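Chemist: The structure under discussion is supplied below as structure tokens; questions concerning it will follow.
Since every read-out is calculated from the coordinates, none of them should be taken as a lab result. In this text the structure is predicted, and so the values were computed from the model without any measurement. Every residue, glycine among them, receives a Cβ derived from its backbone with ideal geometry; neighbour counts consider all protein chains shown.
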Ligand code: INI
């Protein structure tokens with residue numbers, strides 16, 4: 001029997017792309033900081049001028065899949081991490097944006113074979129978003145862990 005399991009201790013050589021939505025950047029800036037902190041503490045040079053992590057900023061979550069897919073197709077990255085925040089308002093806009101970004105990230109992963117991490121918060125209020133972006137925990141950290149784990153796992157399977 002073979003058990004495939006991603007490792008968190010051999011992350012040094014990985015290359016990642018981050019795609020970050022500017023919409024709700026009070027939240028996405030904090031997710032990004034958590035994500036970078038985790039990458040650095042796993043031995044990855046996350047500096048924008050370094051050669052291990054590239055950054056792409058997009059207007060909002062709706063635009064994330066297009067850019068994530070292009071980066072994944074380049075073949076340069078072990079994983080792509082998507083960071084965004086969709087916060088429910090008074091109109092159905094939330095549902096459209098949340099649905100498209102979720103589907104787009106899933107199809108990017110499946111169609112390119114590059115792990116594409118769904119680091120998009122879909123919440124009802126700004127309070128809930130901030131609680132997940134640092135007030136309580138910072139899910140940006142977890143999304144970086146997910147990327148390391150999947151990058152490692154994909155090298156094994
Ligand atoms: N984009 C977000 O990232 N989060 C949101 O909460 C949001 N809402 O609610 O409107 C949002 N809208 C912008 C959208 O992602 C596109 O950038 C815009 O529609 C242009 O295509």
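Chemist: Mind pulling the angle between the C-alpha long axis of helix 64-73 and the longest principal axis of the chain? Nearest 10 degrees, somewhere in 0 to 90.
Modeler: Between helix and principal axis, roughly 20 degrees.
Chemist: I would also like to ask the following. Using the number of other C-beta atoms within 10 angstrom as an exposure proxy, rank 8, 23 with the fewest first. Spell out each step's value before the answer.
Modeler: Working: 8 11, 23 17.
Ordered from fewest to most neighbouring Cβ atoms within 10 Å, 8, 23 come out as 8, 23.
Chemist: Still on this structure, I have one more. For residue 37 and residue 156, what is the calculated FRET efficiency with R₀ set at 22 Å and r taken between the beta-carbons, to the nearest 0.05?
Modeler: Details: r = 26 Å, r/R0 = 1.19.
According to the calculation, E is roughly 0.25.
Chemist: Return the whole-Å distance between the Cα centroid of the stretch 1-51 and the Cα centroid of the stretch 107-157.
Modeler: 9 Å
Chemist: To the nearest 10 degrees, how steep is helix 93-112 against the longest Cα principal axis of the chain, on a 0 to 90 scale?
Modeler: 10 degrees
Chemist: Compute the angle between helix 25-40 and the longest alpha-carbon principal axis of the chain, please, reported from 0 to 90 degrees and rounded to the nearest 10.
Modeler: So the helix axis and the longest Cα principal axis differ by about 10 degrees.
Chemist: Averaging over all projection directions, find the projected area of the Cα convex hull of the chain and quote it in nm² with one decimal place.
Modeler: On the way: hull surface 37.6 nm².
Over every viewing direction, the Cα hull of the chain projects on average to 9.4 nm².
Chemist: OK, next. So if the hydrodynamic radius of the stretch 44-115 is defined as the Kirkwood radius over C-alpha pairs, what does Stokes-Einstein give as its diffusion coefficient at 10 °C and 1.306 mPa s, in µm² per second?
Modeler: Working: Rh = 13.2 Å.
Answer, rounded: 120 µm²/s.
Chemist: Which of 62, 16, 94 moves most in a GNM of the chain, Cα contacts under 10 Å?
Modeler: Highest fluctuation among the options: 94.
Chemist: Further question: Please give the FRET efficiency for residue 55 paired with residue 5, using the beta carbon to beta carbon distance and R0 = 35 Å, rounded to the nearest 0.05. Write out the running numbers ahead of the final one.
Modeler: On the way: r = 29 Å, r/R0 = 0.83.
Step by step, r from the Cβ atoms, then E = 0.75.
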